[in-house]
Amino acid sequence: MSSHLLCVGPDDIDRAWNVVREMLASAYAKTDDVIPDDILPWLKRGDGLLWLAAKDNRILVAVTTSLVQFASGKALRIWACGGTEIADW
């Protein structure tokens, strides 16, 4: 079975947070950084988005993104990406 990607709405962040927090913290740690203290409120406000790749009812990866405005237009910025089984997503 292949993995599937879904965007978690701000009202549903708490349902996945205990699992994805560690994935995101690991992603930040790999860049010698720490997960921001305000990341959960940021996601709940809808300022950023939480994306999950899942397979067989397991979350494989968590990704945080936001739209940023540049002089040339808007772009999607990936802030953190952490998880397991990279070949499956």
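Set side by side, the residues Ser26, Ser2, Ser66 differ, and just one is of a type in the set (Gly, Ala, Ser) and in a loop (DSSP other than H, G, I, E, B), which is Ser2. Do you know which of the residues in region 43-78 that are touching a residue at least 12 places away in the same chain (Cβ under 8 Å) and over 13 Å from the mean Cα position of the chain (by Cα) is surrounded by the fewest Cβ atoms within 10 Å (Cβ to Cβ)? Result: Asp56. Taken over region 44-60, residues that are touching a helix residue (DSSP H, G or I) at 6+ places or on another chain (Cβ under 7 Å) and assigned to a strand (DSSP E or B) amount to 5.
Scanning region 1-25 for residues that are in contact (Cβ under 8 Å) with a residue 60 or more places away in the chain and closer than 14 Å to Leu43 by Cβ gives a single hit, Met23. The residues of region 18-29 that are open to solvent by 80 Å² or more (accessible area, probe 1.4 Å) and over 14 Å from Val63 (Cα atoms) amount to a single one, Asn18.
The values are calculated or read from the model by the stated rules, or taken from the named source; none is laboratory data. Keep in mind that what you see is a predicted model, and the values were worked out from it rather than measured. Neighbour counts are summed over all protein chains in view; Cβ atoms, including those assigned to glycine, are modelled from backbone coordinates with ideal geometry. What goes into the accessible areas is simple: the full protein's heavy atoms, side chains included, and nothing from ligands, DNA or RNA. Shrake-Rupley method; radii C 1.70, N 1.55, O 1.52, S 1.80 Å.
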